[in-house]
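Visitor: Below is a structure I'd like to ask you about.
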Amino acid sequence: MSDTALVAVLVAAAAGILAGLAWAASRGRDDDRRLSSFRSSPHYSEGLHALATGQLELAIHELDKVRREHPDAVEVQQVLSHLYREVGKTERAIEIHRALIARHDLTRAERAYALASLGTDFRKAGILDRAAEAYREALVLEPKNLHALAGQQKLHEDQRQWREAFEVQTRIARMRKSDDALVLGFLQTELGREALAAGRRDLAEESFRTALSLDRRVFPAHLALADLWLERDPRRAAQVLEDAIAAVPERAYLAFSTLQRAYAAAGEPSRFAALCERLVSQDPRDWRARLGLARHLRAEDRPGEALGLLLRAVEANPHVLLVHLEVWRTLRAMSSLGPEELKYVATVEDSALYVDPHICTVCRYRADDMLWRCPHCHEWNTLVEERVGPAAGTR
Ligand SMILES: [Zn+2]
């Protein structure tokens, strides 16, 4: 496991522990039999220490001893099961939660919390119907149990039930008074896509507009709207994409191909070059704008200018395969290549190396392409281009 992934796991585990402890503290009252005695166990402090230093297996080992010494300590079981789930031992987590739920001495809140946790165990294990059932039971006991609601929302997303996910997320936002407009906007975009697939264009457009009225940073809603307008009104499509770039400049590259087509269809192809030039001047490390402009110049039969741009892009971002490939293509267009080099370029073009590395800023999940929802931590809009700068000492 890489360091960053380990840190992510540790933070998640610590969050689980803290949630467990906060929950335990909120129980307060006369719960001395459960709260204080296990904390004096040396295995308890050993377990916390192991957790703080990232030794999850050791933490589990120590806390399991506490659990055996103090079978009554509900939150030790909660925390332990969180840890089992984090290290992938979901079956063990399920076992503990089931044993907890079978007890007769739990309060309503404790039972609801255990049920919600069991739901998350099942969700992580991919047993979705059991997960749904556990969340439902938790919400029957405690209709405002945020843990269960959040799990239910993720479960709807996992099953692409966007309408239901939107409704639950709206409830959650209202209850905790949080600003979830961005997530709600992404869910609306998915609803729009679904309507589009069903041939309901008007409904789709309405959803994309709702998404943008919730939050202008919902980039895929701009892209989808522009696609809708591209043929009928390319100027309007271009306007939508310009708005998108103004709202989220770092995602501009995702609009390039449609924007290029829209400008061309509107009879103003030079506006694309102007846009790329502006983006390069705003961010000299923006190899995508340089690449876009270089491709544009090559298509306009100006490969010499394209090559100059590309060489500066290579200097700023030497790791980007797409830039190197474009250099070769430009050299080919300039008739600068011999038969062996031409064979090499053809081989590279045929190989499946068009990877565009992106990384999740929450869990460090790596993807070969841009994704709006991280397949690992299931958060929205967390993937960014994975940037590697020039080696230290260079400009
Ligand atoms: Zn992630």
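The values are calculated or read from the model by the stated rules, or taken from the named source; none is laboratory data. Predicted, not measured: the structure shown is a model, and the values here were computed from it. Here the Cβ is made from the backbone with ideal geometry for all residues, glycine too, and neighbour counts use every protein chain on show.
Visitor: Tyr135: of a type in the set (Phe, Trp, Tyr) and over 30 Å from Arg193 (Cβ atoms), yes or no?
Guide: It is false that Tyr135 is of a type in the set (Phe, Trp, Tyr) and over 30 Å from Arg193 (Cβ atoms).
Visitor: Within the range 371-385, can one find any residue that is free of Cβ contacts under 8 Å to residues at least 12 places away in the same chain and over 30 Å from Gln159 (Cβ atoms)?
Guide: Of the residues in the range 371-385, the ones free of Cβ contacts under 8 Å to residues at least 12 places away in the same chain are 375.
With over 30 Å from Gln159 (Cβ atoms) added as a condition, the list becomes none.
There is no residue in the range 371-385 that is free of Cβ contacts under 8 Å to residues at least 12 places away in the same chain and over 30 Å from Gln159 (Cβ atoms).
Visitor: Please tell me if Arg27 is modelled with pLDDT of 85 or more and not hydroxyl-bearing (Ser, Thr, Tyr).
Guide: No; evaluated as a whole, the condition is false for this residue.
Visitor: Right, something else. Taking the range 329-357 only, how many residues are more than 16 Å from the ligand (Cβ to nearest atom) and within 30 Å of Asp180 (Cβ to Cβ)? Spell out how you get there, then give the answer.
Guide: Keep residues of the range 329-357 that are more than 16 Å from the ligand (Cβ to nearest atom), which gives 329-356.
Subsequent filtering for residues that are within 30 Å of Asp180 (Cβ to Cβ) retains 356.
The qualifying residues number 1.
Visitor: On to the next question. From the residues in the range 379-390 that are part of a loop (DSSP other than H, G, I, E, B) and modelled with pLDDT of 90 or more, which one is farthest from the ligand (Cβ to nearest atom)?
Guide: This residue is Asn381.
Visitor: Then there is this: Within the range 117-167, work out how many residues are in contact with a strand residue (DSSP E or B) (Cβ under 8 Å, 6 or more places away or on another chain) and farther than 23 Å from Lys177 by Cα. Walk me through it before giving the result.
Guide: So the first thing to find is which residues in the range 117-167 are in contact with a strand residue (DSSP E or B) (Cβ under 8 Å, 6 or more places away or on another chain), and the list is 157.
If we keep only those that are farther than 23 Å from Lys177 by Cα too, we end up with none.
The number of residues fulfilling the criteria is 0.
Visitor: Within 27 Å of Asp215 (Cα to Cα), within 29 Å of the chain's Cα centre (by Cα) and not hydrophobic (A, V, I, L, M, F, W, C): which single residue out of His324, His358 fits that description?
Guide: Values: His324 fails: within 27 Å of Asp215 (Cα to Cα).
Matching residue, one of His324, His358: His358.
Visitor: Identify, by number, the condition in (1) part of a helix (DSSP H, G or I); (2) without any contact (Cβ under 8 Å) to a residue 40 or more places away in the chain; (3) more than 19 Å from Lys124 (Cα to Cα) that Leu80 doesn't meet.
Guide: Leu80 satisfies all of (1) part of a helix (DSSP H, G or I); (2) without any contact (Cβ under 8 Å) to a residue 40 or more places away in the chain; (3) more than 19 Å from Lys124 (Cα to Cα) except (3).
Visitor: In the range 358-369, which residues are more than 8 Å from the ligand (Cβ to nearest atom) and surrounded by fewer than 16 Cβ atoms within 10 Å (Cβ to Cβ)? Before the answer, list the steps.
Guide: The initial filter retains those residues of the range 358-369 that are more than 8 Å from the ligand (Cβ to nearest atom), namely 358-359, 366-369.
Across the range 358-369, the qualifying residues are Arg366, Asp368, Asp369.
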